[in-house]
Amino acid sequence: GGSVAPWFEGDDWGINSSVHGCYGGGDDPLSEGSLNRAVGLLREVVDEIPRYAIVLGSGLHGVAGSVADQGEGPFQAVPGLPEATVHGHRGRILFGSLSDVPAIFLDGRLHAYEGHRVQEIVKPMRLLARLGIETVILTNAAGAVDPSLEVGDIVLIEDQINFTFRSALSGPFGKGEDRFLDMSLPFDQEIQKVVCCAARRIGVPLRRGTYAGMLGPSFETAAEVRMLAHMNADVVGMSTVSEVVSARAAGLRVGALSLVTNKATGLSPAALSHEDALALGTDTADRMLRLLSEVLSDLSDLTAVKPRD
């Protein structure tokens, strides 16, 4: 990767706590004004906003190390974003490139089990859309519900089940967003084709399936895993589903990949731990990096002739 340039000069990322507070501004993190200030700050960081963004989930921080020409800052430096507190989530925004394709990278994410409201969790999606990002690729660490899945498998998410029992579209309505969102195709079909073709071309095995999003942070019981299997879920995790809804409502094209880090409860004799998701081998992380690099390159080739809105 290239050199890393923080957005702000000074110690502790240059954040003046008396100005920013824990939410980068001290105001309502969900307000339209907060969103506009965040957009204004990020627009000052780069000359041109890229078309693409990638969210890096648990255990995938290593991908960020391959991002070239980085400019970076922590979540809490952005008005309205709290600090990420989960081990394995750096909680920073990177501007850089992968395969010479400019992109924004969210190195980590926010979770409901940290105590955040769902509207706070999805604010990065609203922010990306308001900035002018067109496509977001979400990644996560997940447990295998399908017994044929093995640790290290990469799963292209084709559909999802929201078991967090929270809606990203409840509460105040965002400007230009679709409240009554059709979810018949939550994941963009063109992106799915690009991912499948890229994986086949570079020899990265790829599975396809449905992701079940739970609230967490406790892992599922064996009975819950049997229920999920009965509902045709293939993998299970504690994120992503609300981000997908918010991103789609804001007009973003969405793709998503799960990295299987463990067999779900009842499918393995081993006790589960968060460290499982963080202790991925180099080969596994490299496969995801190669796939994301190829997908970005292919998407860039497809959209090179398309004018931006």
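Order these peptides, 188-195, 105-112, 225-232, by their mean beta-carbon neighbour count within 10 angstrom, highest first. Spell out each step's value before the answer.
Values: 188-195: 17.8, 105-112: 24.4, 225-232: 16.0.
My ranking of the peptides, most packed first, is 105-112, 188-195, 225-232.
Describe numerically, in nm with one decimal, the distance between label points set 7 Å from Cα along Cα→Cβ at L185 and at R117.
Placing both labels 7 Å along Cα→Cβ, they lie 3.3 nm apart.
Can you find, among I104, S58, G80, the residue farthest towards the positive end of the dipole of the stretch 21-136? Put +1 on the C-beta of Lys and Arg, -1 on that of Asp and Glu.
Sorting the options by dipole projection puts first S58.
Please work out the FRET efficiency for the pair E275 and I161, using the Cβ-Cβ distance as r and a Förster radius of 22 Å; give the result to the nearest 0.05.
Numbers: r = 26 Å, r/R0 = 1.18.
For E275 and I161, the calculated efficiency is 0.25.
Quote the charge dipole size of the chain about the Cα centre in Debye, to the nearest 20; the model charges only the Cβ of Lys and Arg (+1) and of Asp and Glu (-1).
That gives a dipole near 560 debye.
Would you mind telling me the antiparallel percentage of the DSSP bridges in the chain, rounded to 5?
Around 35 percent antiparallel, to the nearest 5.
From the list (1) 18.4, 54; (2) 21.1, 79; (3) 30.4, 117, can you say which value of Rg and Dmax of the Cα atoms in Å was derived from the structure given?
For Rg and Dmax of the Cα atoms in Å, the calculated option is (1).
What area, in nm² and to one decimal, does the C-alpha convex hull of the stretch 200-293 cast on average over all directions?
Working: hull surface 29.8 nm².
Result: 7.5 nm².
Using amide H atoms built in the peptide plane, which far-off residues or other-chain residues are under 5 Å from A256 H to H?
So A256 has HN proximity to L138, I157.
Going out from 0 in 5 Å bins, what whole percent of all Cα-Cα distances in the stretch 131-179 drops into each bin?
Bin by bin from 0 Å, the calculated values are 4, 11, 18, 18, 19, 13, 8, 7, 2.
With a bin width of 5 angstrom, please list the P(r) values of the stretch 79-150 as percents of all Cα-Cα pairs, from the 0 bin to the one holding the largest distance.
3, 12, 22, 23, 17, 12, 8, 3, 0
Find the lysine pairs in the chain meeting two conditions, Cα atoms under 28 Å apart and a separation of 8 or more places or different chains, and report how many there are.
For the chain, the number of qualifying lysine pairs is 6.
Starting from the Cα of S297, step 7 Å toward the Cβ, then list every residue of the stretch 95-117 with an amide N under 12 Å from that point.
98-101
Given the C-alpha centroids of the stretch 107-175 and the stretch 38-54, what is the distance between them in whole angstrom?
Result: 21 Å between the Cα centres.
Counting helices only, and only those DSSP H runs with n ≥ 4, report the 222 nm mean residue ellipticity of the chain as the sum of -39,500 (n - 2.57) divided by its residues, in deg cm²/dmol to the nearest 500.
For the chain, the value works out to -8500 deg cm²/dmol.
Cα-based Rg of the stretch 149-271 per 2.2 N^0.38 Å, rounded to two decimals?
On the way: Rg = 15.6 Å, N = 123, 2.2 N^0.38 = 13.7 Å.
Dividing the Cα Rg of the stretch 149-271 by 2.2 N^0.38 Å gives 1.14.
Read-outs: derived from the displayed coordinates by stated rules, not from any lab. Quick caveat, the model's predicted, so the values are computed rather than measured. Backbone-built Cβ (ideal geometry, glycine too); neighbour counts: all protein chains shown.
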